[in-house]
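Okay, handing you the structure first.
Laboratory data are not the source of any read-out in this text; all were calculated from the coordinates shown. It should be emphasised that the depicted structure is a prediction, and the values quoted were computed from it without experimental measurement. A quick note on method: Cβ atoms are made from the backbone with ideal geometry, for glycine too, and the neighbour counts reach across all protein chains shown.
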Amino acid sequence: MSKKEVVTKKDITITVGMNEEQLPIKMEWKADDSGKPPLECKAMLLSLFEKETLDTLRIDLWTTEMQVMEMDRFMFQTMRGLADTYMRSTQNKELANEMQSFVTYFGEKTKIIEKGS
């Protein structure tokens, strides 16, 4: 069997409920094989790297109830994860460390983490 042969498929469903102004007020996601009911979330960032054009396509959504302090935490955790992913995928320790340094700076400025931690 070839490593490029699809042997199974999984679906991830994202449902966005909008108000009369077309603003997201409720979002849920579900993986079809999780065996769990849909989970509600307040924000999502989805980036897809298009195979043909090599462009990144994005969907960034957050509900009307998302607070600034929650967005700060969401962005901090997302950027920390992106730096980790970058390191694992490229092995570029120098740049990954620079990214983590900015994440720490961001976390301190937004009071997500204490200065010097």
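With only Lys, Arg, Asp and Glu charged, each at its Cβ (+1 for the first two, -1 for the last two), find how big the charge dipole of the chain is about the Cα centre; round to the nearest 20 debye. Spell out each step's value before the answer.
Numbers: 17 positive and 20 negative charges, 96 e Å.
Taking the Cα centre of the chain as origin, the dipole is about 460 debye.
Going down the list LYS36/LYS93; LYS26/LYS115; LYS10/LYS42; LYS9/LYS111, which pairs span over 30 Å between their C-alpha atoms?
In this structure, LYS36/LYS93; LYS26/LYS115; LYS9/LYS111 lie more than 30 Å apart at Cα.
For the chain, what is the mean residue ellipticity at 222 nm derived from helices alone (per DSSP H run of n ≥ 4: -39500 (n - 2.57); sum divided by total residues; nearest 500 deg cm²/dmol)?
Numbers: 2 runs with 40 residues, N = 117.
Computed ellipticity for the chain at 222 nm equals -12000 deg cm²/dmol.
Let me see the P(r) profile for the chain: every Cα-Cα distance counted, bins of 10 Å, each bin given as a percent of all pairs.
11, 27, 36, 22, 4, 0
I would also like to ask the following. Two decimals is fine: what's Rg over Rh for the range 67-111, C-alpha atoms, Kirkwood radius as Rh?
1.04
Given just the C-alpha atoms of the range 1-66, how large is their convex hull per residue in cubic angstrom?
Looking at the range 1-66, the number lands at 121 Å³ per residue.
If you keep only loop residues by DSSP, which GluC sites (Glu not before Pro) in the range 40-117 have at most 15 other Cβ atoms within 10 Å of their Cβ?
Within the range 40-117, the qualifying GluC sites (Glu not before Pro) (loop, at most 15 other Cβ atoms within 10 Å) are GLU50, GLU52, GLU65, GLU114.
Okay, moving on. Roughly how many nanometres apart are two label points built 7 Å out from the Cα toward the Cβ at THR110 and ASP55?
It is 2.8 nm.
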